[in-house]
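Just so it is clear, none of the values below were taken in a lab; they were calculated from the coordinates. The structure displayed is predicted, hence computed values, not measured ones. Ideal geometry is used to build each Cβ from the backbone, glycine not excepted, and the neighbour counts take in all protein chains shown.
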Amino acid sequence: MSTNQHIQHLPLTPLLHPWIKELIGHPELLLSAIEEHGSPINVHSLAPFGENIQAYQEVFQKFGLKYKIFFARKANKCIVFPLAASKQGQGADTASFRELKQCLDAGIAPKDLILTAAVKNRQLLELAVEHQITVVLDNMDEWDLLQQIVRDKQKEITVNVRLGSFHFEGKTLPTRFGFTSEEAFLFIQKIRKEEPLLRFSGLHFHLNGYSVEQRVTAIEQSLELIDRLYEQGINTESLDIGGGFLMNYLSDKFEWENFHRELKRAVLDEREPITYQNDALGMIKLNNQLYGEPTVYPYYNELHKTDFLKSILTSISSTQQQPLFELLRKRNIELRMEPGRSLLDQCGITVAKVAFRKKDSDGNWLFGLEMNRTQLRSSSADFLLDPIHIPQTENLENTDYCEGYLVGSYCLEQELILKRKLAFSQFPQVGDLLIFPNTAGYMMHFFESEAHLFELAKNLVVVGNVLYFCDGLKI
């Protein structure tokens, strides 16, 4: 039963893929999996992943563009996703030695892999060179090290050059990554002149945030550099625009806007708190004034996924007065992208067992789960979706509506699974399950830790009505 069915509560109703609804209808499968693997578990489905790839492919095909989609592995560590991407003719973006080696060991072709790691040491670059994986260069020290390795091994490798410091609305977009356009122009000529074993093939960028306008500007400035290089006899085959494609988690715009409105009222003491100890979720209260906005992912979006991509491609260039897709097509550029979260939309749930019920010193109900906060955490200040309560048995003694907070296993005062107050139409019992929907993208693995020597959550894949343990390269 959902936790969002009472008028006192501020619901944030999640969108649910049919496979999730089907699994919720068979709680015995989840209870059995918890018994076998412990709590929490992460359950994945490959069906939405394939649907999401296909939806992006259809956009590129509609505009007649050459393209390649690289799944950002860092968003979820399960090898089944890059394998599924490669089977659909796409690839994986890898950001560490283990990410890259696992993909190679799984049989993914080197042409379907790219290396974008923020730190590339010798071990990682030697692996890339050995298998001739395209490397995205971010700084001159990487260039020096890669040059040493290819000369030692006498192996050729393809490189892309990462761009940054784009100009937008009279300012430079701040970044710690990449070369300026002028630096890249000189560097790419240097590659061609000084190292025959390194072949430049494309440009790459990844922007922080979710602005369509900034991505349009970055593509325009990348195309300007591509044209400058062409005048020097250097052909650019691809432009990789990274990730950050918005997705939508929630079913109701009013619920999203109402939560934000009521959160601000609560922090200003105009109503009872709706977060634990009236947490402002990143806003600052000073002299009874609120500054900033909650530092949370925009969980409700009307422009998301394929519509987000379409908006970029159909934007008119301010300098050439043509849509971007036409400018890319005329130059025969392969447009690449590296989505993580949006490809994992609806691909996973996290399930945890209730361990205890108690009240804190302020009289708030706390429901302890057999999990810790790192197992449901991203850079967002809170995960703003209603979980789904699965009682083991109908509680005939106490069916009253109640509100409370979910807490976890770490011995910290701030060990909240969710900071938001939740409502339950049936008082949770020890052994009940809580399902957190749509957690495959970043929420499961990105910050997960093993403090207290707790084991990491087990990862399962659902196929039909069977849950398979996902261990290494096998389902």
ask   = Per residue and in cubic angstrom, what volume does the convex hull of the Cα atoms of the range 412-461 have?
value = 155 Å³
Alpha carbon centroid spacing (whole Å) that separates the range 56-89 from the range 422-469 = 26 Å
note = Exposure-ranked with fewest Cβ neighbours within 10 Å first, Leu125, Leu281 stand as Leu281, Leu125
request  = Mind checking which aspartates and glutamates have their Cα closer than 16 Å to the Cα of Lys77? Skip sequence neighbours fewer than 8 apart in that chain.
outcome  = Asp93, Glu99, Asp105, Glu338, Asp345, Glu448, Glu450, Glu455, Asp471
task = Just report the Cα centroid separation between the range 16-51 and the range 190-265, whole Å.
result = 34 Å
task = Quick one, can you get me the convex hull of the C-alpha atoms of the range 355-465 expressed as volume per residue in Å³?
result = 124 Å³
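Taking neighbour counts of Cβ atoms within 10 Å as a proxy for exposure, in what order, fewest first, do Ile390, Ile41 appear? Numbers along the way, then the final one.
Details: Ile390 18, Ile41 23.
Fewest-to-most Cβ neighbours within 10 Å comes out as Ile390, Ile41.
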C-alpha center-to-center spacing [the range 113-187, the range 292-306] in angstrom = 31 Å
query = Tell me, what does the Kirkwood hydrodynamic radius of the range 261-349 come to in angstroms if you use every pair of distinct C-alpha atoms?
reply = 17.2 Å
Contact order relative to length of the chain, as percent, for alpha carbon pairs under 8 angstrom and 6 or more apart = 23 percent
ask   = Give or take rounding to whole Å, what are the principal axis extents of the alpha carbon atoms in the chain, in descending order?
value = 79, 51, 40
inquiry  = My understanding is that a pair violates if its Cα-Cα distance is over 19 Å; which of Lys253/Lys310; Lys74/Lys458; Lys111/Lys155; Lys101/Lys190 do that in this structure?
reply    = Lys253/Lys310; Lys101/Lys190
query = Using the Cα atoms as the points, what is the convex hull volume per residue of the range 374-437 in Å³?
reply = 101 Å³
key: Distribution of pairwise C-alpha distances over the range 144-255, 10 Å bins, in %   = 12, 39, 27, 14, 5, 2, 0
